[in-house]
1. Condition first: open to solvent by less than 50 Å² (accessible area, probe 1.4 Å), over 35 Å from the mean Cα position of the chain (by Cα) and under 25 Å from HIS146 (Cβ atoms). Now tell me which residues in region 175-188 satisfy that.
2. Does PRO342 meet the test of being out of contact with any strand residue (DSSP E or B) (no Cβ under 7 Å at 6 or more places or on another chain), within 30 Å of ASP40 (Cβ to Cβ), without any contact (Cβ under 8 Å) to a residue 12 or more places away in the chain and not in a helix (DSSP H, G or I)?
3. How many residues are among the charged types (D, E, K, R), outside any loop (DSSP other than H, G, I, E, B) and either at pLDDT below 95 or open to solvent by 60 Å² or more (accessible area, probe 1.4 Å) (or both) when one looks only at region 60-88?
4. Checking HIS343 against (1) surrounded by 16 or more Cβ atoms within 10 Å (Cβ to Cβ); (2) over 18 Å from TRP282 (Cβ atoms), which test does it fail?
5. Whether any residue in region 94-112 is modelled with pLDDT under 95, under 20 Å from ALA253 (Cα atoms) and of a type in the set (S, T, N, Q) is what I want to check.
6. Here is a list: ALA244, ALA221, ALA261, ALA194. Which entry is in contact with a Gly (Cβ under 9 Å, 6 or more places away or on another chain), among the hydrophobic types (A, V, I, L, M, F, W, C) and under 30 Å from MET306 (Cβ atoms)?
7. Identify the single condition in (1) of a type outside the set (Asp, Glu); (2) part of a loop (DSSP other than H, G, I, E, B); (3) buried (at least 19 other Cβ atoms within 10 Å of the Cβ) that VAL170 does not satisfy, given that it satisfies every other one.
Amino acid sequence: MAATPFAGDAPGPRYLPIAEHGLIGDLRSVALVGTNGTIDWYCCPSFDSPSVFAAILDAERGGRFELAAAVPARTKQFYFPDTNVLITRFFTEEGVGEVQDFMPVCCDSSLEVSRHRVIRRVVCVRGTVPFRALIAPRFNYGADPHTLSPVDDMLFFESPHRSLALTSTVTVEHDGRDAWADFKLTEGETAVFALDQLGEQVMPRGCAHREAEQEFNSTVAYWRRWLHQSRYRGRWREMVHRSALTLKLLTYAPTGAIIAAPTTSLPEQLGGERNWDYRYVWVRDAAFAVYALLRLGFSGEAAAFMKFLTTHISPGDGAASGPLQVMYGIDGRADLPERDLPHLEGHLGSAPVRVGNAAAGQLQLDIYGALIDSIYLYDKWAQPISSGQWDDVCQLVDWVCDHWDQPDEGVWETRGGRKTFLYSRLMCWVAIERAIRLATHRGLPADHRRWRQARDTIYRRIMDHGWSERRGAFVQYEHADVLDASVLMMPLAKFIAPTDPKWLSTLDALTEDLVSDSLVYRYDPQASPDGLRGDEGTFSICSFWYVEALVRAGRVDEARLAFEKMLTYANHLGLYAEEIGRTGEQQGNFPQAFTHLSLISAAFNLDRALG
């Protein structure tokens, strides 16, 4: 039998850059598709399940699904307009072909929802193009063995905990472990590959040409119907809508959870140890995402997240440090133990590869402000919260009144010990202030005297102890001289007037110390050690916060230039990872909800300022 094609001897780099990927999904999981036509990240059946394909974390042991022109080709990748259907085009000397990648979105009541189908439809649009495919899954992050067996016209990949079925309209060979195909298409011809998860209620079935076309059309229609709800008509609409579509892909439909990112351990610095698992629900990130989606008119997603909070996260649950954890699983579980996977080398050799996240046990006081602000906005823009939800809010605010002055790990989840971070104080102020607003607006019962006293005490504490006369700026933590980009939220949260002299001085200091060509560093880890080795890139959410702070300060021309520059750092599809490196490369988990929600907010406010 012929040797497996592509295995280890394919031309080109072993790892595509993080930015050289697009994203498809079915609101339960996603797959990353490289510009070379390879799916090198896919977890099944949910975002936080063990991987089936993880070549992005280990080129040899991770597993992949390659599908590309079999001859030298130039490639281009784009989304079918207004959808999350991804097209990768191959331009060869003899013709042009494309791979249409998508995952059908099924309604919750359908048994098909358990299928988790990845469809790869190959089309020759001009001339003649030879293609080849390699399907090489590696189950459980490459740790579980598997067998491959043919049954009728299907191939079954079976491991101890997961089974997949592959169907194809072209002949596929195999060696009992991996499968491959070589085929040629002429203009107008198509080939279809479908990869299905199997379960007790899901029977394997083929995917003929007609069914693939129907699935393609229905998936396109789903995404266009969803996007049609957007009320945004301002500038940069394509980027805003791509960000909205990305946030929707990061939503777990069964519970309404919104994950921080769909990947784990993509490095914030090559060769560094800042590799984390982001496939969970950060209360902070999800609450900010609700704000961004509400801005655009997507109240259904906000309602689903509110239901997630009510069902899975209520005061009294979680860690002993307080009524809420920092993050939860997509099903609401609180236990997210962190462990290393030493058998995987990491992206470009950047180990460790981690699953789970120990930050779940940290104390991060800022999450209460993000959460209660999102509840306040939901009540204001979507529909009034229930009496039970108000009771939960009161319990949260009472807890904040008692605990706001504790040192914590802060918004950046430092592992160098707790400090009295200004941002944590700021968001505790937001939590109480928004609850007071909501109670006043709705005439809801509240301990107004206690809440106002705590709110005003926090304000004075920040103004007296968070300001550095020497730096002429608000600083990272009390009585320090270290700057931190998180203070950009001060005017955004309406804590301080955006033209207040103290704030304008802070904005100038941040620009001098932390801004590089519109890109903003979170902080300087050399000046403020965070318990981790190495440096990191600029943090993209901070760059969009900076744009918004400039807008509110009246420096609209500067804000527009900074925003336009930030758009040039997106990848070819308009997607952003967590950070951007010195030469413009994307770093960290990809794509990141935090970045895309802040893009939406910055665009919204900048467009409004421009008139």
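The values are calculated or read from the model by the stated rules, or taken from the named source; none is laboratory data. Just so it is clear, the structure is predicted and the values come from calculations on it, not from any experiment. Cβ placement follows ideal geometry from the backbone for every residue including glycine, while neighbour counts extend to all protein chains displayed. Just so you know, the surface numbers come from the protein's heavy atoms only, side chains and all, with ligands and any DNA or RNA stripped out. Shrake-Rupley method; radii C 1.70, N 1.55, O 1.52, S 1.80 Å.
1. Across region 175-188, the qualifying residues are GLY176, PHE183.
2. Against the criterion (out of contact with any strand residue (DSSP E or B) (no Cβ under 7 Å at 6 or more places or on another chain), within 30 Å of ASP40 (Cβ to Cβ), without any contact (Cβ under 8 Å) to a residue 12 or more places away in the chain and not in a helix (DSSP H, G or I)), PRO342 qualifies.
3. Going through region 60-88 one residue at a time, the tally reaches 2.
4. The failed condition is (1).
5. Yes; the residues of region 94-112 include at least one that is modelled with pLDDT under 95, under 20 Å from ALA253 (Cα atoms) and of a type in the set (S, T, N, Q).
6. On the way: ALA244 fails: in contact with a Gly (Cβ under 9 Å, 6 or more places away or on another chain); ALA221 fails: in contact with a Gly (Cβ under 9 Å, 6 or more places away or on another chain); ALA194 fails: under 30 Å from MET306 (Cβ atoms).
Only one candidate passes the filter, namely ALA261.
7. For VAL170, the exception is condition (3).
Every residue, every condition in (1) part of a helix (DSSP H, G or I); (2) farther than 30 Å from ARG418 by Cβ, yes or no:
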| position | (1), (2) |
| --- | --- |
| ASP524 | no, no |
| SER543 | yes, no |
| VAL547 | yes, yes |
| ASP557 | yes, yes |
| MET566 | yes, yes |
| ARG582 | no, yes |
| PHE604 | yes, yes |
